[in-house]
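A short write-up of the structure that comes next.
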Amino acid sequence: MARFDIIVGSVLGASEYVADALAETLKEHSHSSLIHLVPNYADIAKDSIWLICTSTHGAGDLPDNIQHFATQISEQDLNGLSFLVVGLGDSSYDTFCNGAYTLEQTLIQSGAKLLIPALHIDVLTHPIPEEVAIEWLNNMLPSLALS
């Protein structure tokens, strides 16, 4: 059983719905999770797997609720930390999933390891992004060989 911290960046709530669905899926696989809707670096376990679940706001920006967290992690040494990314976006914008990409790059630059390539969900193609996220999580969990 592994522990996941689900770190949410959301403006209108879609990322929160995806985070809830992912937490339920993790539970079905006997993993534990904790959702952080207003993430603060000090409150998140460093020995868990971080699951970033964020949308993009405005001109490719991070949602307001996760901007402080992004600044916090940019100032940390995160060697040994493992993470996954689920991004939500609208492909009609040239900044499609830029929020997720920004957090991914910040984590990598701070020394964290991306376990598998990020999932970027186009809400134009998948109006119920939870379905795509659940399928992705179910498919990739066995490849992580978690205990």
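Computed quantities for the displayed model
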item	result
Subset of segment 30-69 that is surrounded by fewer than 14 Cβ atoms within 10 Å (Cβ to Cβ) and of a type in the set (G, A, S) - its residue that is farthest from C97 (Cα to Cα)	S30
Condition broken by G80, with the remaining ones in (1) part of a loop (DSSP other than H, G, I, E, B); (2) touching a Gly at 6+ places or on another chain (Cβ under 6 Å) satisfied	(2)
Segment 96-111, subset without any contact (Cβ under 8 Å) to a residue 40 or more places away in the chain and over 11 Å from L62 (Cα atoms), residue surrounded by the most Cβ atoms within 10 Å (Cβ to Cβ)	T106
Residue within segment 12-32 that is among the basic types (K, R) and either over 13 Å from L137 (Cα atoms) or touching a residue at least 40 places away in the same chain (Cβ under 8 Å) (or both) present	no
Residue among E135, E130 that is over 21 Å from L78 (Cα atoms) and in contact with a helix residue (DSSP H, G or I) (Cβ under 6 Å, 6 or more places away or on another chain)	E130
Which numbered condition E24 fails, given (1) among the acidic types (D, E); (2) at pLDDT 95 or above; (3) farther than 22 Å from L115 by Cα	(3)
Test result for I66, among the hydrophobic types (A, V, I, L, M, F, W, C) and free of Cβ contacts under 8 Å to residues at least 24 places away in the same chain	no
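The values are calculated or read from the model by the stated rules, or taken from the named source; none is laboratory data. In this text the structure is predicted, and so the values were computed from the model without any measurement. Neighbour counts run over all protein chains shown; Cβ positions are idealised from the backbone, glycine included.
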